[in-house]
Structures are given as structure tokens and as C-alpha cells.
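Q: Got a structure for you, questions after.
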Amino acid sequence: MFKDILKIEVEFTGNSQYFLESNLSKISYGEEPLADELFFKSSPLLFANKVEEITLKTVPFGDYQVPFPVQGSALPFDVFAASFFLISRYEEYLFQKKSNEDFKASKSLQHKWKILKRPIIDEWALMLKNLILKKFPDFKFHQKHFSHHPTINFTVNPSLPPGFVNKSKFLFSALFQRRNRYLSSKFDRLTGIDINNEKVLQQVTEWLGPKKTKPLYFVNFPNIPTAYLKVNGLSKTLSQKAVGLLRPCADSAQGISTIKDNLIKLKKIHPELIHLTSQQLEILKFPICYLNLLSFQFISDFSMGYADTIGFRAGTCTPFNWYDLQLEKATPLKVNAYCVTDQTLQFMPLEEGKKIIQHLIDQVKVVNGTFYSAWQLRSLSDHLKYKKLKTLFTEMLQSVGD
């Protein structure tokens, strides 16, 4: 909250004498204030050393509910415990211990508290800023700026390999392996649904032009031998772009093997790739998904969101380092949260979709956060089926400005 959102340096101390003698701007967090500093009363969460069931109480705060109510504090709730609870996905850890089902947005406490559709932690950080400035008018904050990065994903279409034997093996696997995708891609071409990846990628590049908006591309691969993968001009098209791996999370030995295989394929189409990034738009389970990413040395992930629901899954629109609750430490994995996908927009009327995107952009701009959205490349094509989504994407680019 201090370093990433408010852009200020903060020093922590448990030495009360050192704290009292310091001439710096200071706040305290504990059971009671030490002097006349800005005081925030603590609740037990941040002093606990294990993940356990919590009986949460809430208190009204404006037009929503907040957890960890306290009294005699600068705010009527423990803003640090509440923020940590949301951003660490504490409730999802507890959920995964009890259930093998997917965690749905409708089951989240953010939905219950009516804060899912707002970057609430960033809003709370701005409240902290105002409280600090009221107490210490001369304190200087560094400026943070709004930014926009749409994520765009697609699957590389497979091609028939050379040689009769290889062709036979390939077609046989296409009949029985869904992830081969060869037959489905041919059917898409016959029905006119298939798109030319390179053509649409070039079109997106032209839309952006001189804008500061930099999209991130995530690529999935058919379940075929790497030697059969024909990339044609795709490598050249993606050479100067930020490219990551789509669907890299795994919770089984077979899934781990798939990640290894797809990383090799990704290197084939993008040989200059150095930093590994990922996106998962399906099941996202804690903590196994992020532990696997760390084991493969991924540096950033763009999976934090709900593919079928609008909202800020971790309560923030500012990238943050994932905190491993089981090991009680921050990890090197940078988490970037998206708040809307084309999947959530496709069945809405056009005007409703426009209003939702504009509302989300406005919410993120107010807190100078980063606006992430997730799109399939085919949704941006000229195909009539995706006309509405293409319109929403281009108007989104206009709404975020330069």
C-alpha cells in the first residue's frame, strides 16, 4: 500500500523509544497509541502465524461493508488487515482446503460486501494518503500514473506434418485428442469462423499506433510434437511484442509436463524471450498454481481475475508480489489483476458493455492504477460474429486516451 500504491518509502520499527524520539512523519499500528501520532488500531490477523478459519465481523462504511471493525482508530476498521485478507486471497486458501470445486466470484466475500467491482485497496490507500496529509501537511508523495495494458490470447493453429507416417499419426491423434485442434481448426475455416492470427495481430498494432497502451500477448499451443509446429510469419509478427504462455497452471504431473512442452514451443516462435509471463483464464487454484509458476521461474502472472465475472479479484488494480501464506513470505512472482474479459461482454447489449468498460476505466483512473482486460484474438477480427466485441475493444482504446 505504501510502496506500490502510494509510492513512498516506509520504515518499520517495534522499538517504542526509537519511534517516540523520531522527528519523521509517523503512524502507529497496535493496541493503543504511543503519543499523538496518527494511530490505527490493530486486529489479530497480521500477528497470526497460520492460516485458519476466522469469524469475520463487518461494519457499514459508506455504501458497502468492511471487515475487521475497530474503535478508537483513525478508521473504523483495520484497513491493513482488511487489505491483506483480500490481496492474499485468504478466503480462497480456506475454500480450497474444504472443497475441490472452483472458487466462484458469487461465493466471494467481496461480492457479499459489495466491493467486488471497485479497486477497494487502492481506494483505501488514498484514504491513508489523505489522513497522513491532514496530520503531516508537508509530507511529500510521489505521483503515480494511470496505465492500460490489454491482454490478448490465441492458439497457434496446427498444420499437417510432412511424410505419410507422420500425417497418419497426426490425424489419428486429432480424432482422439481435443487439444490437437487440427480438425476443429479446419472446420472453423470451412464455416468461416477461423481467423488469420498474423493479420489480426497486425490490425491491433495499427489501432494502437502511437498510443502508450502496450498489449500483452499470451499464446497457447496444440498438443502436437514441437517439430510439427509451423509458425510461418508468426515469429516475425511477435518479435517486438510482450509474449507469454496461456494456460500454464498445473496441479498434476501431466500438467507439469505440458508446461515444459509449451515453454519449448513458445521459445520456438519467440527465440528472444527472456522473462516468462503467464495467464490462466480458467481454473485458478491457490496455492498450487503460483507455486508451479515459481518453480518454472515465471516472473509475472496475469491470471488474477474472474473469466466470467466483472470485478477486482484481489481488490486492487496495482501489480503486487504474491504473498505465500503457507511460507509467510512475499515471493518474486508479480501478480497483475484483470477486471473484465470479452467472455463477460459477449452476451451483453453493446451499450451496456460500453458503460461497464467506461465505469471500470474511470474507477482505475481515479486511483491512478493499471487497467487490465483480457481478450481472445478472434474477438478482434472482422468476422461478423465478433463485431460487437471488436467495437468494444476499439472504443476502450479511445476511452483510455493516449
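The values are calculated or read from the model by the stated rules, or taken from the named source; none is laboratory data. Bear in mind that the values here come from a model prediction, so they are computed numbers and not experimental data. Counting neighbours? That spans all protein chains shown, and the Cβs are built from the backbone with ideal geometry, glycine included. The area values use the complete protein model at the heavy-atom level, side chains included, leaving out ligands, DNA and RNA. Shrake-Rupley method; radii C 1.70, N 1.55, O 1.52, S 1.80 Å.
Q: Using bins 10 angstrom wide from zero, how does P(r) for segment 252-402 break down, in % of all Cα pairs?
A: 10, 34, 33, 20, 3
Q: Oh, and also: Restricting to lysine pairs 8 or more places apart or on different chains, what number in segment 1-80 have Cα atoms under 20 Å apart?
A: On the way: Lys3/Lys26; Lys7/Lys26; Lys26/Lys41; Lys41/Lys57.
So the count of such lysine pairs works out to 4.
Q: Right, another one. If we count GluC sites (Glu not before Pro) as exposed when they sit in a DSSP loop and have at most 15 other beta carbons within 10 Å, what is the longest stretch of the chain that avoids them all?
A: On the way: sites that count: Glu9, Glu11, Glu31, Glu52, Glu53, Glu101, Glu272, Glu282, Glu328.
Result for the longest clean stretch: 102-271.
Q: Turning to a different aspect of this structure: So what is the calculated 222 nm ellipticity per residue for the chain, using -39500 (n - 2.57) for each DSSP H run with n of 4 or more, over all residues, to the nearest 500 deg cm²/dmol?
A: Values: 14 runs with 145 residues, N = 402.
So the helix-based figure for the chain works out to -10500 deg cm²/dmol.
Q: Next up: Could you name the lysines in cross-link range of Lys104, using Cα to Cα under 21 Å and dropping any fewer than eight places away on the same chain?
A: Partners found: Lys112, Lys114, Lys117, Lys285.
Q: Rounded to the nearest whole Å², what accessible area per residue is found for segment 211-257 with the 1.4 Å probe?
A: Working: 2180 Å² over 47 residues.
Dividing the accessible area of segment 211-257 by its residue count gives 46 Å².
Q: Counting other Cβ atoms within 10 Å, which chymotrypsin sites (Phe, Trp or Tyr not before Pro) in segment 1-102 have at most 10 and lie in a DSSP loop?
A: On the way: sites: Phe2, Phe12, Tyr18, Phe19, Tyr29, Phe39, Phe40, Phe47, Phe61, Tyr64, Phe77, Phe80, Phe84, Phe85, Tyr90, Tyr93, Phe95; in loops: Phe2, Phe12.
Counting only loop positions with at most 10 other Cβ atoms within 10 Å, the chymotrypsin sites (Phe, Trp or Tyr not before Pro) in segment 1-102 are Phe12.
Q: Express in whole angstrom the spacing between the alpha-carbon centres of segment 252-304 and segment 98-162.
A: 21 Å
Q: How charged is the neighbourhood of Thr58? Take every other residue with its Cβ under 15 Å from the Cβ of Thr58, and add Lys/Arg as +1 and Asp/Glu as -1. Write down the numbers at each step before the final one.
A: Values: positive: Lys57, Lys112, Lys114; negative: Asp63, Asp78, Glu91.
Spelling it out: positives minus negatives among the neighbours equals 0.
Q: Excluding Lys390 itself, what net charge comes from residues whose Cβ is under 15 Å from its Cβ, given Lys and Arg +1 and Asp and Glu -1? Could you put the intermediate results ahead of the total?
A: Details: positive: Lys199, Lys354, Arg378, Lys385, Lys387, Lys388; negative: Glu206, Asp342, Asp382, Glu395.
Summing Lys and Arg as +1 and Asp and Glu as -1 gives +2.
Q: Another one. Determine the percent antiparallel among the DSSP beta bridges restricted to the chain, to the nearest 5. It would help to have the intermediate numbers written out before the result.
A: Details: 10 of 40 bridges.
Rounded to the nearest five, the antiparallel share is 25 percent.
Q: Students often check this: by mean Cβ neighbours within 10 Å, which of 233-244, 214-225 ranks highest, and how do the rest follow? It would help to have the intermediate numbers written out before the result.
A: Details: 233-244: 15.9, 214-225: 20.0.
Listed from highest to lowest mean packing, they are 214-225, 233-244.
Q: Turning to a different aspect of this structure: Return the carbon/sulfur percentage of the accessible area of the chain, one whole number, probe 1.4 Å, all protein chains in place. Present the calculation step by step, with values, prior to reporting the outcome.
A: Working: 11160 of 20480 Å².
In the chain, the share of accessible area belonging to carbon and sulfur is 54 percent.
Q: Just to be sure I understand the rule: take each whole DSSP H helix in the chain, project its Cα atoms onto its long axis, keep it if the span is 15 Å or more and its mean Kyte-Doolittle hydropathy is at least 0.5. Which ones pass? Mind dumping the intermediate values first?
A: Values: long enough: 120-135 (23 Å, 0.58); 164-176 (19 Å, 0.92); 197-208 (17 Å, -0.58); 253-269 (25 Å, -0.04); 350-366 (24 Å, -0.19); 387-400 (20 Å, -0.04).
Membrane-span-like by this rule: 120-135, 164-176.
Q: Top mean-square fluctuation among Lys265, Lys144, Lys98, Gaussian network model of the chain, C-alpha springs under 10 Å?
A: Result: Lys98 has the largest fluctuation of those listed.
Q: Please calculate how many Å² of accessible area segment 266-402 carries per residue, with a 1.4 Å probe and no DNA, RNA or ligand atoms counted.
A: Numbers: 5600 Å² over 137 residues.
For segment 266-402, the solvent-accessible area averages 41 Å² per residue.
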